[in-house]
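One structure is given here, and the rest of the page talks about it.
All of the numbers you see were taken from the coordinates with simple rules; none came from a lab. On a predicted model such as this, the values are computed, not experimentally measured, just so you know. Glycine also receives a Cβ, built like all others from the backbone with ideal geometry; neighbour counts cover every protein chain displayed.
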Amino acid sequence: MLMSLAFERQLVLVSVALLVAATLVQFAGLMSGRAVYRPTAAIYAGVVIVLGAAITGRWIRENQGPFLTLYDILLSGVFSLALMFLLISVLVPAVRGGSLVTSPLLLILGVWMTGVSELAVPLPGAFKTPWLWAHVLSGKLFLGFCLAATATASVMLISGAGSGTWSANLTPFPEQSEKMIWVLFFAAFICHSFMLVAGAVWAHSAWGHYWSWDPLETWTLVTWLMLGGTLHARATFRNMPQGMGHVLVLAAFAVAFLTFFGVPFFSIAPHKGLM
């Protein structure tokens, strides 16, 4: 029996309710000074399970992956970002404080998802290639690594504005957190580079050219340059204030977020909406 669109919608609403709970838990922990990672991680696991079921049911019903519409991109985006942050935070305790930033951001995407049409659009023939999978998967990995780095950098900035126990509760491992920001950011850069290469090969096989300078491709290149420039600045200017490095990470993520969730839906590119 195929999953109905109505039931899929209910699963999406459940995921949004879970993200509301995660955000409230995080802010309650911030106010009380208590560690709330474990309940937040459990909620994230619930979000991943619920959205994973929604994606699976939609995929089987429509006989295509969540690649094309804004609803598809938000559905798969919230799922992949929650999954990646959960996995990274389980493996690397130094980034767990980033849940304070990740939770409201995922909530915003989830609420946005409830306000757009969930009707599927047939996948064009040009999208039926293994390079599409390489392009999309590397893009999801990029944004997940970048989110973890950005969330950690944001919390470091917030804790730097405070003092004493409050600051220590936000970032109990400041040295490790600082190191992991740049490790994750570098991983994001590698994934983004592969995404560009896979996208160029896919474009050539589908439309006969590697690059066309449409808005999406241009902003993707701008994002890559910002990532590379930030890493170059970090490596070159050893005495750069820590906070300035964090601001550069946030700026790069802001451009990446615009590229993934904004530009594709105002672009006249033949792969409009795909990311």
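Computed over the Cα atoms of the range 1-136, what is the convex hull's projected area averaged over all directions, in nm²? Intermediate results must be reported in sequence, preceding the final value.
Details: hull surface 35.4 nm².
It is 8.9 nm².
Sort T150, T230 by Cβ crowding within 10 Å, fewest neighbours at the top. Show your work: numbers first, answer last.
On the way: T150 28, T230 21.
Sorted ascending by nearby Cβ count, the order is T230, T150.
Can you work out the Karplus-derived ³J(HN,Hα) for every residue in the range 217-226? Use 6.51 cos²θ - 1.76 cosθ + 1.60 with θ = phi - 60°, whole Hz, and x for glycine or proline.
Once θ is set to phi - 60°, the couplings for the range 217-226 become 5, 5, 6, 5, 5, 4, 4, 4, 5, 5 Hz.
Quick check on the chain: helices-only [θ] at 222 nm, where DSSP H runs of length 4 and up contribute -39,500 (n - 2.57) each and the sum goes over total residues. Nearest 500, please.
Details: 9 runs with 207 residues, N = 275.
Counting only the DSSP helices, I get -26500 deg cm²/dmol.
For M1 and F237, calculate 0.36 nm times their separation in residues minus their Cα-Cα distance, and state this gained length in nm to one decimal. Present the calculation step by step, with values, prior to reporting the outcome.
Working: separation 236, 0.36 × 236 = 84.96 nm, distance 5.94 nm.
This chain segment gains 79.0 nm when fully extended.
Report the label-to-label distance for E175 and L119 in nanometres (one decimal), using points 7 Å from each Cα along the Cα→Cβ vector.
5.9
Would you mind calculating the relative contact order of the range 111-227 from Cα pairs under 8 angstrom and at least 6 residues apart, reporting the percent as a whole number?
Details: 84 pairs, mean separation 38.3, N = 117.
Rounded, it is 33 percent for the range 111-227.
Sequence gap at least 6, Cα distance under 8 Å: using those rules, report the relative contact order of the chain to the nearest whole percent. Please list the in-between numbers first.
On the way: 340 pairs, mean separation 55.9, N = 275.
With pairs under 8 Å counted, the relative contact order is 20 percent.
Using a simple charge model, +1 on the beta-carbon of Lys and Arg, -1 on the beta-carbon of Asp and Glu, nothing else, what dipole does the chain show about its Cα centre, in debye to the nearest 20? Walk me through the numbers before you get to the answer.
Details: 12 positive and 8 negative charges, 74 e Å.
Approximately 360 debye in magnitude.
Mind ordering 54-67, 86-99 by average Cβ neighbours within 10 Å, highest first? Walk me through the intermediate numbers first.
Values: 54-67: 16.5, 86-99: 20.8.
The densest-packed peptide leads the list: 86-99, 54-67.
Taking the alpha carbon gyration tensor of the chain, what are the square roots of 5 times its eigenvalues, largest first, to the nearest whole Å? Don't jump to the answer; show the numbers that get you there.
On the way: eigenvalues 199, 128, 34 Å².
Here the semi-axes work out to 32, 25, 13 Å.
For A17 and S193, FRET efficiency with R0 = 30 Å and r from the beta-carbon atoms, rounded to 0.05?
Numbers: r = 37 Å, r/R0 = 1.24.
Once rounded, the FRET efficiency stands at 0.20.
Could I get the Rg over Rh figure for the range 167-257? Both from C-alpha atoms, Rh via Kirkwood, rounded to two places.
Working: Rg = 16.2 Å, Rh = 14.8 Å.
Ratio of gyration radius to Kirkwood radius for the range 167-257: 1.10.
Can you give the FRET efficiency for V90 and A28, using 1/(1 + (r/R0)^6), R0 = 30 Å, r = Cβ-Cβ distance, to the nearest 0.05?
Working: r = 22 Å, r/R0 = 0.72.
So, using R0 = 30 Å, E works out to roughly 0.90.
With a 10 Å Cβ neighbour count serving as the proxy for reagent exposure, in which order, fewest first, do W131, W202 appear? Please list the in-between numbers first.
Working: W131 18, W202 23.
Placing the least packed residue first, the sequence is W131, W202.
For Y44, Y37, Y210, what ranking results if the residue with the fewest other Cβ atoms within 10 Å of its Cβ goes first?
On the way: Y44 26, Y37 17, Y210 14.
Ascending Cβ contact count within 10 Å gives the list Y210, Y37, Y44.
Among A120, S4, L81, which residue has its Cα furthest toward the positive end of the charge dipole of the chain, with +1 on Lys/Arg Cβ and -1 on Asp/Glu Cβ?
Working it through, the farthest residue towards the positive pole turns out to be L81.
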